[in-house]
Amino acid sequence: MVVALLLLNAVFNVVVWPQFYRRISSDPRARDSSGKATAFLRVHLVLIVMALVIAALSVLGAILTLIGVW
């Protein structure tokens with residue numbers, strides 16, 4: 001059960017967050033008039049990276065659980 005939840009979490013994060021990034025990066029608030037990234041884009045990028053790191057850790061946790069290390 002734990003392995004399934006960890007893998008489901010990883011799949012969800014990998015599917016959802018890259019699409020969210022595409023939407024955020026095309027938002028007019030993402031760049032200022034000179035084309036530089038705004039705080040809006042940077043904050044969301046940090047959140048997305050954190051979610052993808054959690055996805056990677058979830059896969060690692062699932063693997064460790066499957067092989068009996070955890």
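The values are calculated or read from the model by the stated rules, or taken from the named source; none is laboratory data. Here the structure is a predicted model, which is why all the values come from computation and not from measurement. Every residue, glycine among them, receives a Cβ derived from its backbone with ideal geometry; neighbour counts consider all protein chains shown. Just so you know, the surface numbers come from the protein's heavy atoms only, side chains and all, with ligands and any DNA or RNA stripped out. Shrake-Rupley method; radii C 1.70, N 1.55, O 1.52, S 1.80 Å.
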What is the gain in length, in nm to one decimal, between LEU52 and VAL3 on full extension, counting 0.36 nm per residue of separation less the C-alpha to C-alpha distance? 15.9 nm
With every protein chain in place, the chain: carbon and sulfur % of accessible area (1.4 Å): 74 percent
Given (i) 19.3, 65; (ii) 15.9, 54; (iii) 11.4, 32, the label whose value is Rg and Dmax of the Cα atoms in Å derived from this model: (ii)
For the pair VAL14/ALA37, report the inter-label distance in nm, with labels modelled 7 Å from Cα in the Cβ direction. 2.3 nm
Heavy-atom accessible area per residue, the chain, 1.4 Å probe: how many Å²? 73 Å²
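May I ask you to derive the relative contact order of the chain, considering only C-alpha pairs under 8 Å and at least 6 residues apart, and to give it as an integer percent?
The value is 48 percent.
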List the residues whose amide H sits under 5 Å from the amide H of ARG31, counting only those 5 or more places along or on another chain, with H placed 1.01 Å from N in the peptide plane. THR38
Restricting to DSSP H runs of at least four residues, report the calculated mean residue ellipticity at 222 nm for the chain, -39500 (n - 2.57) per run over all residues, nearest 500 deg cm²/dmol. -26500 deg cm²/dmol
Which of VAL16, VAL43, VAL53 moves the most in a Gaussian network model of the chain with Cα springs under 10 Å? VAL43
